[in-house]
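Before any comments, here is the structure.
The values are calculated or read from the model by the stated rules, or taken from the named source; none is laboratory data. No experiment lies behind these values; they were computed from the predicted model shown. All Cβ positions, glycine included, derive from the backbone under ideal geometry; neighbour counts span all protein chains shown. Just so you know, the surface numbers come from the protein's heavy atoms only, side chains and all, with ligands and any DNA or RNA stripped out. Shrake-Rupley method; radii C 1.70, N 1.55, O 1.52, S 1.80 Å.
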Amino acid sequence: MGFAEDEAKAEQRVRAVGTAETIVSERYPDALFAIAAGSILRGEGTPSSDIDLVVLHESLSNAWRESFAAGGFPVEAFVHDFETLNWFVDQDIASGYPVLLDMVAGGTVVGRDVDRGVALQVEAKAMLTRGPGDLGAGRRDVLRYQITDLLDDLRDVRPNAEMRAIAAALHQPLCDLALLGRGHWSGKGKWLPRLLQRIDPALAQRFDDAFRLAGEGQPDALVALARGELERQGGPLFDGDRRDAPQAARRQGGLSG
């Protein structure tokens, strides 16, 4: 990254923080504070990057999320009080994707009660550091089953278009198994290569190579990668797998109502 690019990203960050301050004062005047997050705030912004804004009130009837444009930036706002934030963070932790928690921990606090925002960040950072804990047997078996099923499809001779579709479907559960199975947080989309790179650059390269080759109609490396990750977590799972639907999963009448 050159000096001019560094300066441009720093200027973009300053504008984003200023925009966040304006949004809080004008759009959310009753908020205690907000935390502006995202790639711009990390100094990694691109021309299309948005501002993620976690807005905290003392009390709300319900949380909400909204998207809008401000100051030349696309903005995604996540509006909470402390109890609704707790609920959504709990959902993130259970899923293994700490999206909201990461925003809170890594952003910049703006608004009238900065000290309270910084205290919340300290708590969020500690939770992220602790990690997701052990991958539970239920989640592990779901991932093992999904990967086993897709792996069976990947072994067959298929048109390249189908091979690419199977590989795309395999990417999320295989990354989840690799990351959560090693005691690290997982993520979605573009975050997955970054998270793999953080924990093991060689493993990240294996994933990249395997999925690239599978997309070109050469699935052998991906099959080997998936087999290896399955063996770390108990092996393939198909025969004997069972998951019961809840008793309330029923509706009277015909199929059309």
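Here are some notes:
- Solvent-accessible heavy-atom area per residue, rounded to whole Å², over the range 214-257 at 1.4 Å: 77 Å²
- Accessible area expressed per residue, the range 1-56, with surrounding protein chains retained (probe 1.4 Å, Å²): 48 Å²
- One decimal place: the segment Gln172-Ala224 gains 17.1 nm when fully extended, by the rule 0.36 nm per residue minus the C-alpha distance.
- For Ala70, the residues whose amide H sits under 5 Å from its own are Val75, ignoring neighbours fewer than 5 places away on the same chain, with H placed 1.01 Å from N.
- Placing unit charges on the Cβ atoms only, positive for Lys and Arg and negative for Asp and Glu, gives the chain a dipole magnitude near 440 debye about its Cα centre.
- FRET efficiency estimate (nearest 0.05) - Cβ-Cβ, Thr46 to Ala137, R0 45 angstrom: 0.65
- If both residues of a DSSP beta bridge must be in the chain, then about 70% of such bridges are antiparallel.
- Placing pseudo-labels 7 Å out from each Cα toward the beta carbon at Ser59 and Ala165 gives an inter-label distance of 5.3 nm.
- Against the rule of thumb 2.2 N^0.38 Å, how large the Cα Rg of the range 136-190 comes out: 1.22
- Leu213/Glu21 FRET efficiency (R0 51 Å; Cβ-Cβ; nearest 0.05): 0.60
- For the chain: relative contact order, % (alpha-carbon pairs under 8 angstrom, 6 or more apart): 14 percent
- The range 1-64: C-alpha gyration tensor shape, a/c 1.5 cut-off, then a/b vs b/c: prolate
- On a per residue basis, the range 89-133 carries 51 Å² of accessible surface, using protein heavy atoms and a 1.4 Å probe.
- Spatially proximal lysines relative to Lys125 (Cα-Cα < 24 Å; intrachain offsets below 8 disregarded): Lys188, Lys190
- Highest to lowest packing among 103-114, 127-138, scored as the average C-beta count within 10 Å: 103-114, 127-138
- Fraction of accessible area attributable to carbon and sulfur, the range 74-132 (%, probe 1.4 Å): 56 percent
- Assuming charge only on the beta carbon of Lys and Arg (+1) and of Asp and Glu (-1), the dipole of the range 130-234 about its Cα centre is about 500 debye to the nearest 20.
- Label-point gap, in nm, between Gln205 and Ala70 - each point 7 angstrom along Cα→Cβ: 4.4 nm
- Using a Gaussian network model of the chain in which every pair of alpha carbons under 10 angstrom is joined by a spring, one finds that among Phe88, Phe78, Phe68 the greatest mean-square fluctuation is at Phe68.
- In the chain, the calculated helix contribution to ellipticity at 222 nm averages -18000 deg cm²/dmol per residue, counting -39,500 (n - 2.57) for every DSSP H run with n ≥ 4.
- Computed over the alpha-carbon atoms, the range 113-160 gives an Rg to Rh ratio of 1.40, Rh here being the Kirkwood radius from the mean inverse distance.
- Gap separating the Cα centres of the range 16-85 and the range 133-159, nearest whole Å: 37 Å
- Rounded to the nearest 20 debye, the dipole size of the range 1-134 about its Cα centre is 140 debye, using +1 on the Cβ of Lys and Arg and -1 on the Cβ of Asp and Glu.
- Under 5 Å, built H, 5+ apart or other chain: amide partners of Leu60: Asp81
- Take the Cβ atoms of Phe82 and Lys190, set R0 to 25 Å, and the FRET efficiency comes out at 0.25.
- With only Cα atoms counted, the chain has Rg and Dmax values of 21.8, 68 Å.
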